[in-house]
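Notes follow once the structure below has been shown.
The values are calculated or read from the model by the stated rules, or taken from the named source; none is laboratory data. Note that the structure is predicted; figures quoted are calculated from it, not measured. Positions of Cβ are generated from backbone atoms using ideal geometry, with glycine treated the same way; all protein chains shown enter the neighbour counts.
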Amino acid sequence: MNPLDRSIQIRGLTKEYKKGVPVLKGIDLDIPGDGITAIIGPSGTGKSTLIRCINRLIDPTAGQILFQGQDLAKLSGVPLREARRRIGMVFQEYNLVERLTVMENVLTGRLGYVSAFRAWLRKFPQDDIDEAFALLDAVGLGNFVNQRADGLSGGQRQRVGIARAIMQRPEILLADEPTSSLDPKTSVEIMEIMAEMAGTRNIPIIVNIHNVALAKRFCQRMIGMTGGKVVFNGSPAELTDDHLKEIYGGEDWLE
Amino acid sequence: MSTHAIRRWERFTPEQRFLRFAFYFISVAAIVFSIKNIEVIPEFLYDAPEQLADFFQRMWPMDTAYYQKSVHAALIETLNIATLGTLLSLTMSIPVGIMAARNVVPIKPLNMLAQLILVSSRSVNTLVWALLFIAIFGPGAMAGTMAIAFRSIGFVGKLLGEALEEANRGPIDALTATGAPPTSVFLKGYWPQVMPSFVSIALFRWDINVRESAVLGLVGAGGIGMAMDTAMNLFRWDQVAVVLSTIFVVVIIAEIAVSAIRRRII
Amino acid sequence: MSIPATHKTRVAFIPNWPLRIGFILLAFYVVWAMGQLDVTWARFVDGLSAGQKFLGRMFPPNFSAEKVEMITKGLLESIQIAVIATVIGIGLSLPIGLLAARNLMPAWIVWPARALIAVCRSFHEVVIAIIFVKAVGFGAIAGIGALVVGSIGFISKLFAEAIEEISPKQVEAVRASGAGFFGVLIYGVIPQVFSRFLGFASYQFDSNLRHSTMIGIVGAGGIGGSLFSAFQRFDYDFVCAILLSIIALIIMAEVFSNYVRALFNDNLALLDYLRNRRATKLSQEKSAGLGAS
């Protein structure tokens, strides 16, 4: 397999939280290894579950997730951790460690590479520290390095979250509703930062998003999900109102 | 809605009412049973006020010289036992507390083992722990320190485990997603979240341990209780009074100190 | 964005000097205190072999018929002491706690009440038991007295704090309806603190039960007396049997009082309670995976 190929193939992916009640109903999907792929769909349709199955924060019930010749769904232990190191993730609620400083939060992106003992003593390699400074400057938080994360605003926290994910030097970036807790202006800024950081580093992004307009503006590819199934897969230009009706149901909201 | 013409509102379902009634019944039965069966020797009770008056009379005036002679050194020993015992218990209760937290260690048998250790530690009293350790290490402050430490594991470990179970899941997910090994997830994800409660639990337990270590001497495990035991055996109630006043003052100071530190930390 | 400072002046982690100095001082203290208390490695190693012998003599625990009868009798007396002490202790704590609540009482009542609570809290149950043994002689009455004093120290304080935290609006509303002092108490104060009070009371019962197994050491009744004499006779397999029985009793008491709290606070019936425990476990597992959606 080509190690530069960053595409993901999902085959027959099923997840049941309760037996017999699947949230994901046998998803088959190819996600390209470049650009931004948006997953849209109503709440509770399994978008989050799908994304979390990829880095195995959730264990799928059945199916395969193929990435560079590995089935991510089958991994466990050390191989799973090594796979996770290569997959960055940005969360809706930022998920920063509140009582640690911004710098420490960014450096947690390296925990997969640094031994627990060194991490405890905060003896990170100088390269990592330099890169963390550079990333914080790039997201505009160069002056907040030693501030504790609980003193930041939502937009600032999400910038730290992005810096942490990029700090992993990931081969792919997952984003689970990264803008849903932010105001419209900050949402656009966050999407811009993400697109810019991933673009210059050739990292493909898979993003769950509620805001269709925002998705159309930033993404090269859109996947529509409803009821645990994929019902649309194409470019933003191909996404019509009929598709949206199918995805979200009803049409009153379309104006 | 017409079918609901005779809707009745009841505070509790019949089952709940029955269970509440059962609880009251059991409580009353237990109280009646206890009072009827407890052994009371009335003759002893008649002269209790007299005895108490006599007791307090003999306490006064206090033999203040006794403080310098025996109590002061014993007091320092008591504080050392309480502090060292608390520190020792912290080192032991961290692993047990972690093992008890079902979200940190999702292995059922280990959780249950931890719970068993915690409840055993709490059920056996400090004085009984002291008797056990005297049998092992011989009389003295070492047995007392160990007793304080082992009794505190249950307290600190239980509260630490509960604090860990209440930790916010988000940062843990984020660190897991970076591929961090479990130890790093714990150190950088869980620990910062529970650290403030851990400090406050430790201070709280130290406060309790100052009180507890004051009685260890009664069974020969060192500290100010020894001074009290000696005085009592000699029926020197004026000296016992000195010991009691000392304990009172120290416990009050410890409580004030702990609440001051806690206010600063939290 | 402001201009980032040059790299030389930037520090990734600011060292926390007060904390570091604190830890160093603590380390010195530990070494000093261990010397003072004669806690040494040699004694620890000696203790290990003694401990091995000791454990060897503890097992198997002696549960012979005659011993079981002694244990049952002792435990029953401990339970009786705990029950009576809890009832009397709570009965006395309610008025004392009320008197110590600063938002309901004038200062000249509050401070004497608080002083009484402080005295009750400062002394360990065993110390109080000694005084009671002196006053009323050996036996269960002394134990009850000691635990009552301990309960007053614990519950009155928490109760006073709970009353101080109540919402004054409801009290005002009741007072506005023309209620007298006791009317305010029953309709404005008690409903607000009842569930917390139940928590304190059940906790205090647990804690009294624990203490009642020990005060026998100074002659104040209960299983502690048998335990202490078994220690003095080096009858270690009996010691072990007693300890195991105490642990079993305490576990049962904790399960029981957890259930009572659930019954009264959350209105759960027995089956609901068991079902609910399973449900919370399930939802924990689920939220372990799912963050938001």
(request) Mind telling me which of the residues A:G155, A:G112, A:G161 ends up being over 16 Å from A:V90 (Cβ atoms) and either touching a Ser or Thr at 6+ places or on another chain (Cβ under 7 Å) or buried (at least 18 other Cβ atoms within 10 Å of the Cβ) (or both)? (result) A:G112
(request) Would you confirm whether any residue within the stretch C:200-213 is over 14 Å from the mean Cα position of the chain (by Cα) and in a helix (DSSP H, G or I)? (result) no
(message) I'm checking my understanding of the structure. Among residues of the stretch C:214-237 that are over 26 Å from the mean Cα position of the chain (by Cα) and buried (at least 20 other Cβ atoms within 10 Å of the Cβ), which one is farthest from the other protein chains (Cβ to nearest Cβ)?
(response) C:A230
(request) Report, by residue number, each residue of the stretch B:41-72 that is in contact (Cβ under 8 Å) with a residue 24 or more places away in the chain, more than 12 Å from B:A231 (Cβ to Cβ) and more than 9 Å from chain C (Cβ to nearest Cβ). (result) B:W60, B:P61, B:T64
(request) Tell me, yes or no, whether the stretch A:157-165 has at least one residue that is away from chain B (no Cβ under 14 Å) and either under 14 Å from the mean Cα position of the chain (by Cα) or more than 30 Å from A:F67 (Cα to Cα) (or both). (result) yes
(request) Quick one: count up the residues across the stretch C:69-89 that are among the hydrophobic types (A, V, I, L, M, F, W, C) and either at the interface with another protein chain (Cβ under 8 Å from one of its Cβ atoms) or on the phi > 0 side of the Ramachandran plot (or both). (result) 6
(request) State whether one or more residues within the stretch B:159-166 are touching a residue at least 40 places away in the same chain (Cβ under 8 Å) and facing another protein chain (nearest Cβ under 8 Å). (result) no
(request) Could you check, for the stretch C:239-258, whether at least one of its residues is surrounded by fewer than 20 Cβ atoms within 10 Å (Cβ to Cβ), farther than 26 Å from B:I136 by Cα and either over 25 Å from the mean Cα position of the chain (by Cα) or among the polar types (S, T, N, Q) (or both)? (result) yes
(request) May I ask you to list the residues in the stretch B:90-142 that are of a type in the set (K, R) and touching a residue at least 24 places away in the same chain (Cβ under 8 Å)? (result) B:R102, B:R122
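Here's the yes/no breakdown for (1) facing chain C (nearest Cβ under 10 Å); (2) part of a helix (DSSP H, G or I); (3) under 17 Å from the mean Cα position of the chain (by Cα); (4) not charged (D, E, K, R):
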residue: B:L84; (1), (2), (3), (4): yes, yes, yes, yes
residue: B:N103; (1), (2), (3), (4): yes, no, no, yes
residue: B:M112; (1), (2), (3), (4): no, yes, no, yes
residue: B:L118; (1), (2), (3), (4): no, yes, yes, yes
residue: B:V128; (1), (2), (3), (4): yes, yes, yes, yes
residue: B:F133; (1), (2), (3), (4): yes, yes, no, yes
residue: B:A143; (1), (2), (3), (4): yes, yes, no, yes
residue: B:F155; (1), (2), (3), (4): no, yes, yes, yes
(message) Tell me the residue from A:S43, A:S48, A:S7 that is of a type in the set (G, A, S) and in contact with a Leu (Cβ under 8 Å, 6 or more places away or on another chain), please.
(response) A:S48
(request) Taking B:L131 as meeting all but one of (1) over 20 Å from C:G51 (Cα atoms); (2) at pLDDT below 90; (3) not β-branched (V, I, T), write down the number of the exception. (result) (1)
(request) Answer yes or no: is there a residue in the stretch A:54-71 that is loosely packed, with under 14 Cβ neighbours inside 10 Å, over 19 Å from the mean Cα position of the chain (by Cα) and either modelled with pLDDT under 90 or at positive phi (or both). (result) yes
(request) Considering only the stretch A:86-97, state which residues are farther than 20 Å from A:P60 by Cβ and either among the hydrophobic types (A, V, I, L, M, F, W, C) or at the interface with another protein chain (Cβ under 7 Å from one of its Cβ atoms) (or both). (result) A:V90, A:Q92, A:E93, A:N95, A:L96, A:V97
(request) Can you tell me which residue among C:A241, C:A248 is part of a helix (DSSP H, G or I), free of Cβ contacts under 8 Å to residues at least 40 places away in the same chain and farther than 24 Å from B:F21 by Cα? (result) C:A248
(request) Could you grab me the full set of residues in the stretch A:138-156 that are charged (D, E, K, R) and within 13 Å of chain C (Cβ to nearest Cβ)? (result) A:R148
(message) Against the definition (in contact with a helix residue (DSSP H, G or I) (Cβ under 7 Å, 6 or more places away or on another chain), at pLDDT 90 or above, over 21 Å from A:G46 (Cα atoms) and hydrophobic (A, V, I, L, M, F, W, C)), how does A:M225 come out, yes or no?
(response) no
(request) Residue by residue through the stretch C:93-125, note down the ones that are in contact with a helix residue (DSSP H, G or I) (Cβ under 6 Å, 6 or more places away or on another chain), part of a helix (DSSP H, G or I) and either more than 14 Å from chain B (Cβ to nearest Cβ) or not charged (D, E, K, R) (or both). (result) C:S93, C:I96, C:G97, C:L99, C:I109, C:A113, C:I117, C:C120, C:S122
(message) Yes or no: the stretch A:175-184 includes at least one residue that is outside any helix (DSSP H, G or I), of a type in the set (D, E, K, R) and within 14 Å of another protein chain (Cβ to nearest Cβ).
(response) yes
(message) Could you check the stretch A:13-22 and list, in sequence order, the residues that are β-branched (V, I, T) and at pLDDT below 90?
(response) A:V21
(message) Being more than 19 Å from A:I205 (Cα to Cα), touching a residue at least 24 places away in the same chain (Cβ under 8 Å) and out of contact with any Gly (no Cβ under 7 Å at 6 or more places or on another chain) narrows it down to one residue among A:T61, A:T37; which is it?
(response) A:T61
(message) Which numbered condition in (1) closer than 22 Å to A:S235 by Cα; (2) out of contact with any strand residue (DSSP E or B) (no Cβ under 6 Å at 6 or more places or on another chain) is the only one that A:L57 fails?
(response) (1)
(request) Scan the stretch A:15-58 for residues that are more than 9 Å from chain C (Cβ to nearest Cβ), under 22 Å from B:I172 (Cβ atoms) and touching an Asp or Glu at 6+ places or on another chain (Cβ under 6 Å) and report the count. (result) 1
(request) Pairs only if they're at least six apart or on different chains, beta carbon under 9 angstrom, first in the stretch B:22-40 and more than 22 Å from C:A142 (Cβ to Cβ) and within 9 Å of another protein chain (Cβ to nearest Cβ), second hydrophobic (A, V, I, L, M, F, W, C) and surrounded by 11 or more Cβ atoms within 10 Å (Cβ to Cβ); list them, first residue then second. (result) B:F23/C:V260; B:F23/C:L263; B:F23/C:F264; B:S27/C:V83; B:S27/C:V87
(message) Out of the residues in the stretch A:98-137 meeting the condition of being closer than 21 Å to A:R56 by Cβ and in contact (Cβ under 8 Å) with a residue 24 or more places away in the chain, tell me which one is nearest to the other protein chains (Cβ to nearest Cβ).
(response) A:G112
(request) Might you let me know whether the stretch A:211-227 holds any residue that is closer than 19 Å to A:G161 by Cβ, free of Cβ contacts under 8 Å to residues at least 40 places away in the same chain and surrounded by 14 or more Cβ atoms within 10 Å (Cβ to Cβ)? (result) yes
